[in-house]
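The values are calculated or read from the model by the stated rules, or taken from the named source; none is laboratory data. Note that this is a predicted model, so its numbers are computed, not measured. Note that each Cβ is placed from the backbone with ideal geometry, even for glycine, and that neighbours are counted across all protein chains shown.
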């Protein structure tokens with residue numbers, strides 16, 4: 001919870017604590033100064049609560065009627081329960097004056113707070129799908145309600161005739177506003193009956209609260225004469241009347257509710273028929289028709305349509321007669337449309353700018369923007385404008401969005417048809433790419449007097465980002481690399497091919513393991529995208545010295561089987577992936593490790609696609625432990641058979657489902 005959003009409510013509550021302290025301490029009427037201070041605290045309590053809930057409900061965008069009434073009943077039941085506390089204490093035989101006074105004050109606050117919440121909830125409800133004019137009509141009533149707080153100024157109470165004028169004026173304004181119940185037309189048949197029940201319960205709760213609070217002995221909160229309580233008179237009169245009028249409106253509306261719902265079904269059918277017709281039109285004609293429908297059904301005051309062009313052509317803009325072409329660009333700049341459309345991956349279905357500019361020189365204050373995309377490509381943008389702030393209702397936005405979705409579907413179907421024509425050609429090209437990538441990865445592994453080696457590399461898609469390679473050096477040493485490009489698919493395969501070129505080039509210079517990692521990171525820094533990185537393990541086997549020197553760059557740990565102790569374990573060493581840091585600061589994270597070996601020892605290099613492979617049903621990962629046990633249980637078998645056992649165990653575990661990631665495994669067994 002953001003405390004800043006509730007700062008006015010907190011201040012109002014603190015003022016009420018001050019009011020309570022005056023009542024509990026019996027400090028009222030001791031002096032004029034104390035009376036003025038008490039009056040200011042009480043007025044501050046009311047005004048701060050009014051201001052908080054005004055801001056809170058103004059900032060609230062969406063509105064679910066059933067959820068609203070459910071929350072109000074929850075608040076109402078809580079407030080009613082608190083207002084019954086004095087009766088509970090009396091039932092228990094507790095008659096301590098100060099204690100009862102404190103309970104009265106708590107109950108009064110709960111009821112006061114609920115009344116203000118209910119008032120602004122009904123205000124928000126009455127504004128549903130209304131225009132800017134209604135927002136303006138509410139302001140005088142709010143001002144009058146705020147002015148009625150002056151009746152609580154002890155020693156300086158306004159003349160009674162002035163309070164009567166405020167009450168009469170407020171009641172007349174409320175009489176006009178309580179009939180703003182258009183929200184009834186936008187809820188379904190079931191919600192209408194639920195709303196009747198909810199409103200009846202709320203009104204009953206109000207009557208119960210009024211009866212309880214009226215019996216309280218709080219002469220300085222409820223003051224004489226009765227009309228001096230104008231603030232609560234106006235609030236209570238509105239919420240009770242609005243609830244009653246809404247119940248009547250719902251009862252009269254129920255007989256035609258099914259007709260209205262049927263009308264909505266007809267509109268949906270019309271959209272489907274219309275979209276099937278539009279598929280035969282050109283894209284420009286389809287956009288023009290879509291723009292006119294959205295403009296008319298949202299009752300926009302102006303609008304413009306931007307069609308994206310290709311092959312160097314300028315974008316084409318159509319606009320309504322209500323807005324001049326010369327100022328369309330100014331509104332596009334005001335909402336930052338160009339910057340918005342650049343981030344295509346971040347585009348949502350619509351953007352609503354409900355307050356363009358506070359200054360009066362901007363005629364249109366509300367702008368609704370619908371980018372139309374297919375395959376992350378912007379085809380066009382529909383912009384609708386209204387004169388007032390917050391002028392587009394939620395129903396209007398959803399209706400226009402449904403039209404845009406239908407049009408988008410037709411565009412996507414057209415695109416799919418075109419793609420199906422090219423699908424066969426793409427398949428052939430992917431098969432060629434797969435064959436080329438297979439040639440980049442060793443298919444035949446060496447066996448000599450020092451060691452035997454075998455391995456496997458498979459892609460989740462036609463091409464992937466796993467890479468393994470080795471070079472047998474002239475002095476008998478073996479250079480070996482296993483790497484994994486973040487992601488998979490064509491882009492990962494591209495970076496994998498670049499890594500192969502870097503490895504083949506650097507390996508010729510007989511670099512140390514640490515230098516190889518550093519130079520590889522420097523080379524990749526110039527060709528990798530910012531979001532891409534590569535993990536790898538690089539190893540140099542010296543069979544005469546019986547040592548392995550290796551370094552990990554954020555890759556999976558190396559699995560080592562010690563034949564002497566018949567034990568397989570992971571060499572958990574540190575290292576950072578390539579491309580994460582693209583300067584000399586990376587060097588401090590590079591470290592080489594050395595491991596001695598003897599006859600019968602086995603080294604297993606693998607990518608995370610092996611250990612992260614999941615069972616289709618249980619969603620359990622294959623895991624490092626299964627790999628370790630498989631090596632340890634079958635270490636005495638030839639390396640090719642051992643590889644086949646591991647792969648068979650892996651495929652059986654994942655049940656030969658579609659593999660979510662590329663996977664590679666290389667085994668080196670010392671003779």
- Query: If you scan region 648-671, which residues turn out to be touching a strand residue (DSSP E or B) at 6+ places or on another chain (Cβ under 6 Å) and modelled with pLDDT of 90 or more?
  - Reply: 664, 665, 666, 667, 668, 669, 670
- Check whether at least one residue in region 401-410 is over 24 Å from the mean Cα position of the chain (by Cα), farther than 24 Å from residue 320 by Cα, modelled with pLDDT under 85 and surrounded by 19 or more Cβ atoms within 10 Å (Cβ to Cβ), and report yes or no. yes
- In the list 478, 440, 461, which residue meets the criterion of being at pLDDT 85 or above and at negative phi? 478
- Query: Name the pairs whose Cβ atoms lie under 9 Å apart, with the first residue in region 454-467 and assigned by TED's automatic domain parsing to the domain that holds residue 611 and more than 17 Å from residue 605 (Cβ to Cβ), the second modelled with pLDDT of 75 or more and assigned to a strand (DSSP E or B), and 6 or more positions between them or separate chains?
  - Reply: 459/466; 459/663; 460/663
- Query: Any chance region 56-70 includes a residue that's farther than 18 Å from residue 123 by Cβ and over 29 Å from the mean Cα position of the chain (by Cα)?
  - Reply: no
- Note on the structure: Selection over region 184-215 where residues are surrounded by fewer than 16 Cβ atoms within 10 Å (Cβ to Cβ), farther than 30 Å from residue 160 by Cβ and without any contact (Cβ under 8 Å) to a residue 60 or more places away in the chain yields a count of 4
- Message: Contact list please: Cβ distance under 8 Å, first residue in region 167-180 and assigned by TED's automatic domain parsing to the domain that holds residue 232, second residue at pLDDT below 90 and in a loop (DSSP other than H, G, I, E, B), pairs at least six apart or on different chains.
- Response: 180/127; 180/130
- Considering each residue of region 125-146, count those that are more than 21 Å from residue 171 (Cβ to Cβ) and in contact with a helix residue (DSSP H, G or I) (Cβ under 6 Å, 6 or more places away or on another chain), and give that number. 2
- Is it the case that residue 540 is part of a strand (DSSP E or B), touching a helix residue (DSSP H, G or I) at 6+ places or on another chain (Cβ under 8 Å) and either assigned by TED's automatic domain parsing to the domain that holds residue 591 or at pLDDT 90 or above (or both)? yes
- Would you be able to say whether some residue in region 137-146 is in contact (Cβ under 8 Å) with a residue 24 or more places away in the chain, surrounded by 13 or more Cβ atoms within 10 Å (Cβ to Cβ) and under 26 Å from residue 28 (Cα atoms)? yes
- Query: Name the residues in region 500-533 that are part of a loop (DSSP other than H, G, I, E, B), touching a strand residue (DSSP E or B) at 6+ places or on another chain (Cβ under 9 Å) and more than 21 Å from residue 474 (Cα to Cα), would you?
  - Reply: 528, 532, 533
- Message: Here is a check on your reading of the model: is residue 476 out of contact with any strand residue (DSSP E or B) (no Cβ under 7 Å at 6 or more places or on another chain) and over 21 Å from residue 439 (Cα atoms)?
- Response: yes
- Message: Among the residues of region 364-382, what is the count of those that are outside any strand (DSSP E or B), touching a residue at least 40 places away in the same chain (Cβ under 8 Å) and either closer than 13 Å to residue 347 by Cβ or not assigned by TED's automatic domain parsing to the domain that holds residue 406 (or both)?
- Response: 1
- Message: Whether any residue in region 216-223 is part of a helix (DSSP H, G or I) and either on the phi < 0 side of the Ramachandran plot or touching a residue at least 12 places away in the same chain (Cβ under 8 Å) (or both) is what I want to check.
- Response: no
- Task: Having 3 or more residues that are free of Cβ contacts under 8 Å to residues at least 40 places away in the same chain and surrounded by 16 or more Cβ atoms within 10 Å (Cβ to Cβ) is the bar; report the helices (runs of 4 or more DSSP H) wholly within region 588-655 that clear it.
- Result: none
